[in-house]
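Structure, as structure tokens:
The values are calculated or read from the model by the stated rules, or taken from the named source; none is laboratory data. None of these values were measured; they are calculated from a predicted model. So basically every Cβ, Gly included, is an ideal-geometry build from the backbone, and we count neighbours across all protein chains shown.
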Amino acid sequence: MLGLLPIGAQAEDRLVRLHAPEALVETGLLKHILPRFSLKTQVRVELVDDLTSADVVFGDDGRALFAGVGATWHLSMRRNDHLGTDRFVSWLNSDVGLRTITGFAPDGEALFTPPGETQVEVAELEFDGDSVVGKRAAQINCGRCHAIESGSMNGIGSTPSFPVLRSLNDWEERFTAFYALKPHPSFTQIEDITAPFPMDRPSPIVPITLTLDEVEAILSFVALMSPADLGAPLIHQ
């Protein structure tokens, strides 16, 4: 059906405008779940402040989706004729979507549960990309700043290596959403996901351009990597 639509309509259906209260945004949940949805579907979700321009809204109206940080969060659709919105809402209501929400545990403790429940098991997410392709993509695109493997002398000294990043508790979140974390947005483009650079603010360096398949492959490569041994935590006297 997408093949029968005008190009402009196809582009519009791959962008979903989401409004969420600041209290929910500040938890970091949306930075956790939105890249995962986009990675699997190639539909970009953009946060908007204006409620009237939103396609989907987290708030007090609609279906109860999850609970946490002192509230039960409901989901409502503002557009019923939008393929991207249908796909986003279906994903949020699916088992995978709910596991992604309840698996958000920034300090090792889950912040959100299904509505009416008080405990949740943090789900382990699997990556099904080609780790060999991921290693090569990381070397070409990320190796200009990061050392990709232990013992490598490439990269910038002040930039953490991939094995060091892999040793962090939130490594999966960092790698999944890296293109939204500073300084990456100023020089990184993910095909069909990130917006083009503004005409008055082009990339300061040769841009990094990756496809969603390459991002998935890099995640698979890092998931198989042995974390760096940073030693025992410091003990203050």
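Quick one: count up the residues across region 150-186 that are closer than 25 Å to Pro106 by Cα and either β-branched (Val, Ile, Thr) or not in a helix (DSSP H, G or I) (or both).
Here the count works out to 14.
Kindly list, by first and then second residue, each pair from a residue in region 144-166 that is free of Cβ contacts under 8 Å to residues at least 24 places away in the same chain to a residue that is loosely packed, with under 15 Cβ neighbours inside 10 Å and β-branched (Val, Ile, Thr), limited to pairs with Cβ atoms under 7 Å and residues at least 6 apart or on different chains.
Going by the 7 Å Cβ cut-off, the qualifying pairs are Cys145/Ile156; Cys145/Thr159; His146/Thr159.
When you scan region 52-87, how many residues do you find that are surrounded by 14 or more Cβ atoms within 10 Å (Cβ to Cβ), outside any loop (DSSP other than H, G, I, E, B) and in contact with a Ser or Thr (Cβ under 8 Å, 6 or more places away or on another chain)?
Within region 52-87, residues that are surrounded by 14 or more Cβ atoms within 10 Å (Cβ to Cβ), outside any loop (DSSP other than H, G, I, E, B) and in contact with a Ser or Thr (Cβ under 8 Å, 6 or more places away or on another chain) number 8.
Name, by its number, the condition in (1) at pLDDT 90 or above; (2) more than 16 Å from the chain's Cα centre (by Cα); (3) not in a helix (DSSP H, G or I) that does not hold for Gln189.
Of (1) at pLDDT 90 or above; (2) more than 16 Å from the chain's Cα centre (by Cα); (3) not in a helix (DSSP H, G or I), only one is false for Gln189: (2).
Let me spell it out: the conditions are (1) surrounded by 13 or more Cβ atoms within 10 Å (Cβ to Cβ); (2) in contact (Cβ under 8 Å) with a residue 60 or more places away in the chain; (3) of a type outside the set (Val, Ile, Thr), and Asn169 meets all of them except one. Which number is the exception?
(1)
Only one residue in Ala137, Ala195, Ala147 is outside any loop (DSSP other than H, G, I, E, B), at negative phi and not assigned by TED's automatic domain parsing to the domain that holds Arg44, so which one is that?
So the residue among Ala137, Ala195, Ala147 that is outside any loop (DSSP other than H, G, I, E, B), at negative phi and not assigned by TED's automatic domain parsing to the domain that holds Arg44 is Ala137.
Output the number of the condition that Ala105 fails; it satisfies all remaining conditions of (1) at pLDDT 90 or above; (2) part of a loop (DSSP other than H, G, I, E, B); (3) aliphatic (A, V, I, L, M).
(1)
Of all residues in region 195-235, which are within 17 Å of Phe175 (Cβ to Cβ), within 19 Å of the chain's Cα centre (by Cα) and loosely packed, with under 13 Cβ neighbours inside 10 Å?
Hits for region 195-235: nothing passes.
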